[in-house]
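Each remark here refers to the structure printed beneath this line.
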Amino acid sequence: MRKWKFSVNSGFLGRRRDRFTEYQPDRTLEEKFKLAKQVRGIDGIELKYPADLKDIKLAKRLLEESGLVCSAVNVDIKDAAFFRYGALSAQSKEARDRAASLLREGMDIASELGAGLVTTCPLADGYDYPFQIDYSVAWQRFVETVMEVVSYRRDMKLALEFQPHEPHAKILLSNVGKVLHICSEVGLPNLGANLDIGHSFAAGESPAESAALLASKERLFYIHTNDNTGEGGDWDMISGTVHFWHLLELLYTLDRIGYEGWLGGDVTSKHIGPVEAFDTNTRMIQRMAQLVDRMGTEKITSLIHKDGGLAETFDYLSRCLVEKEI
Amino acid sequence: MNKLAIITAFLGAVKNRYMTYQEDRPLPEKFQMASKVEGIDGLELCYPADFENLEKLKELLKKFDFDISAINFRSRRTGKWWRGSFTSVSEKERKEFIDEVKQVMDVAVELGCNRITTCPLNDGTDSLFEMDYIRAYDDAAETFSSACAHNRRIRVCIEYKESDPRARCLFGNAGETASFCQMVGADNLGVTLDVGHALYTGERPAQSAVLLSKANRLFYVHLNDNDARWDWDMLPGSYHMWEFIEMFYYLQQLGYNDDWYAFDVFPKEIDTVDTFKAVVMLTQKLEGLTDRINPEEIERLMKERNPAKTIPYLYSLL
């Protein structure tokens, strides 16, 4: 069976909030590591920059002591104090420069911590209303700023995480197609995607298709695992609690394409604790992966290669779920 | 002509998962700001936030000559009702909810307001098999029934919303809420139709207004807009101009024309007073456009059911 690499996103180990409610207390980096260590099956931790990485020595020490690998440095470029009107695509050169320098700093830190990549979700780059921004200019700036960042260090990867909306009604980088577009515009091999499964559902995609598309262009750098109801809300729920078959399809696809990157847990704990939330998320994926193993990647491939064979495919797949034939 | 109110919570800091927009402001400043918006007749007050000092609140209402469109009873609170209020598994928490609603009904009487509204955001679920729906509906019915019996002259309105902060709230759309009200059977239990919530749950607001009215449950209307994917609380008509016009037309027909519209619009990056000035101006424009519709002509066109004639007629009014 393929060995998957699991990590937790430190952002979900501290305080979270939504529009109406706050969940969990603020926690120090030491406390976050302590929690991460309690999650079974975890090999790595994704750290936020700047929030978690104000003291690099401390982060290094905690990584060493915990035996966890830094799976990625997640750079926050949505701070309202600087990016109220955009970051990578902002009209203000000052805002663009600040976003680019945060990402460059993130690359240096990631390199120092032994992580191969930086990921960022450009949520400040979006709009609410028609006639609010000049799309041509905004996209041109977006591409130019990203090009500048990935040119800074060719030995470090930048994984862009798309999301259809929030906090703006429309985010520029809203789906897998736009990530592929910017990768092709920039044309450098160290630019790729962080495929957040929930964002992909929220964008109306099948994550397995998105993964296959990204992999075909060698742009699938990183994955965030979670689930949601598929109506647009990014609920960061435990993987497989809604889209069971879609997640099986994704794991099958990842096996097919030989994905060797991280499966970074990105689930909110809300009323349950973060350890329980991440633990369950990991177990659910491990068991689904075990199921894919039982079903057999080659066997599934042979079934879906038959046109019109849907009944046979699901007959086979569902039979694998039960021990004894009914 | 309906009177116009701003919900006080939208005159201070507004938040989403990632950002905080504007700043927290004391109540007198909120009154001051609302008074700068021409066309605003009153406020929808939020309980408990605005009720720390009832005497001062009365003074402010008098000083600024504002009426109260409704008292917005928060069913989600910091530090309590963590897993729902009227659907809580805990009988003690449900009792607390009833007691507080009764208190607010008494305060409403004291302030000369006959309506309280609540948006049951935290009463719902994220996961499957999280809540026993049978128990939850029974407890909700018993709780609202008991609260409504306290004073039949105060209208209690449930503002439905599909999600947030729960992935699925218990009252997600007009049909579910009307059906619940009928199940409870109290004449003073009804619905707040929030246009944004209706749009993002896939409804035509005009149709929802008619359905609720026919069930005698159309108690109150909130105005805002969105892209039908999320509750963005945007300027009315910025996405759904014709939906607003259709709804305004039917509200006239249904006799909801001597009541209140309350606004919940996110000021975000734009100045709060400027935002609500635009909100009032847009509402009046949309009402003006609605008034251009000749009822006889539109009735005749609707009998024909020919959009190739109806839609050009509507565009001829612009």
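Taken together, the values in this text are just the output of simple stated rules run on the coordinates, not laboratory data. Quick caveat, the model's predicted, so the values are computed rather than measured. We place every Cβ from the backbone using ideal geometry, glycine too, and count neighbours over all the protein chains shown.
Calculated FRET efficiency, B:N257 and B:M281, Cβ-Cβ r, R0 22 Å, to nearest 0.05?
The computed FRET efficiency comes out at 0.65.
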Restricting the calculation to Cα positions, tell me the Rg (one decimal) and the Dmax (whole number) of chain A in Å. 19.7, 66
Distance between the range A:61-76 and the range A:180-199 - C-alpha centres, whole angstrom: 23
So, with points 7 Å from each Cα along the Cβ direction, the A:R153-B:Q32 label distance in nm works out to 4.9
Might you report the magnitude of the Cβ-based charge dipole of the protein assembly as shown about its Cα centre, with Lys and Arg at +1 and Asp and Glu at -1, to the nearest 20 debye? 720
For a quick check: with amide H placed at 1.01 Å from N, whose amide H comes under 5 Å from B:K3's, ignoring anything fewer than 5 positions away on the same chain? B:D259, B:W260, B:Y261
In the range A:1-155, if the dipole is taken from +1 on Lys/Arg beta carbons and -1 on Asp/Glu beta carbons about the Cα centre, which of A:A80, A:L103, A:L68 is farthest to the positive end? A:L68
Would you list the membrane-span-like helices of chain B, meaning whole DSSP H runs whose alpha-carbon atoms span at least 27 Å along their axis and whose mean Kyte-Doolittle value is at least 0.0? B:272-291
Taking R0 as 56 Å, what's the FRET efficiency between B:E296 and A:E276 from their Cβ-Cβ distance, rounded to 0.05? 0.30
Per DSSP H run of n ≥ 4, the term is -39500 (n - 2.57); total these for chain B, divide by its residue number, and report the mean residue ellipticity at 222 nm rounded to 500 deg cm²/dmol. -13500 deg cm²/dmol
Cα atoms only: what Rg and Dmax, in Å, come out for the range B:83-152? 13.3, 44
Explain nothing, just the number: dipole magnitude of the range B:260-318 about its Cα centre with +1 on each Lys and Arg Cβ and -1 on each Asp and Glu Cβ, in debye rounded to the nearest 20. 280
Cα→Cβ-extended label distance, 7 Å offset, between B:A49 and B:R305, nm: 4.6
What are the chymotrypsin sites (Phe, Trp or Tyr not before Pro) within the range B:109-160 that DSSP puts in a loop, where the Cβ has at most 10 other Cβ atoms within 10 Å? B:F129
For the range B:271-299 and the range A:120-140, distance of Cα centres in Å: 29
Between 0 and 90°, nearest 10: helix A:93-112 axis offset from chain A longest Cα axis: 60
So, counting K/R as plus one and D/E as minus one, what does the shell of residues with Cβ under 13 Å around A:D128 add up to? -3
Going through the cross-link list A:K157/B:K15; A:K34/B:K95; B:K95/B:K277; A:K37/A:K178; A:K217/B:K268; B:K15/B:K36, which pairs have a Cα-Cα distance over 31 Å in this structure? A:K157/B:K15; A:K34/B:K95; B:K95/B:K277; A:K37/A:K178; A:K217/B:K268
May I have the convex hull volume per residue, in Å³, for the Cα set of chain B? 140
Using only the alpha-carbon atoms of the protein assembly as shown as identical scatterers, what base-10 log of I(q)/I(0) does the Debye formula give at q = 0.05, 0.06, 0.07 Å⁻¹? -0.26, -0.37, -0.51
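For a quick check: sort A:D293, A:D52, B:D132 by the number of other beta carbons within 10 angstrom, fewest at the front. Mind showing how you got there, number by number?
Working: A:D293 15, A:D52 24, B:D132 12.
In increasing order of surrounding Cβ atoms, one gets B:D132, A:D293, A:D52.
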Amide proton proximity set for A:W262, modelled H, under 5 Å, gap of 5+: A:I223
From the square roots a ≥ b ≥ c of the eigenvalues of the alpha-carbon gyration tensor of the range A:41-85, which class results: rounded (a/c under 1.5), prolate (a/b over b/c), or oblate? oblate
Phi angles of the range A:30-37, converted by Karplus (6.51 cos²θ - 1.76 cosθ + 1.60, θ = phi - 60°) into ³J(HN,Hα) in whole Hz with x for Gly and Pro, give 4, 5, 5, 4, 4, 5, 4, 5
Give me B:S316, B:S127 ranked fewest to most by other Cβ atoms within 10 Å of their Cβ, as a rough exposure proxy. B:S316, B:S127
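Taking R0 as 25 Å, what's the FRET efficiency between B:K92 and B:N114 from their Cβ-Cβ distance, rounded to 0.05?
0.25
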Count neighbours as other Cβ atoms within 10 Å of each site's Cβ, and list the GluC sites (Glu not before Pro) in the range A:239-326 that are DSSP loop with at most 11 such neighbours. A:E260, A:E323, A:E325
Would you calculate the separation in nanometres between label points at B:Y133 and A:I56, each defined as 7 Å from the Cα along the Cα-to-beta-carbon direction? 5.4
Could you name the aspartates and glutamates in cross-link range of A:K48, using Cα to Cα under 15 Å and dropping any fewer than eight places away on the same chain? A:D26, A:E30, A:E31, A:D76, A:D79, A:E105, A:D108, A:E112, A:E161, A:D266
Taking the range B:224-290, which GluC sites (Glu not before Pro) meet the DSSP loop condition and have no more than 14 other C-beta atoms within 10 Å? B:E269
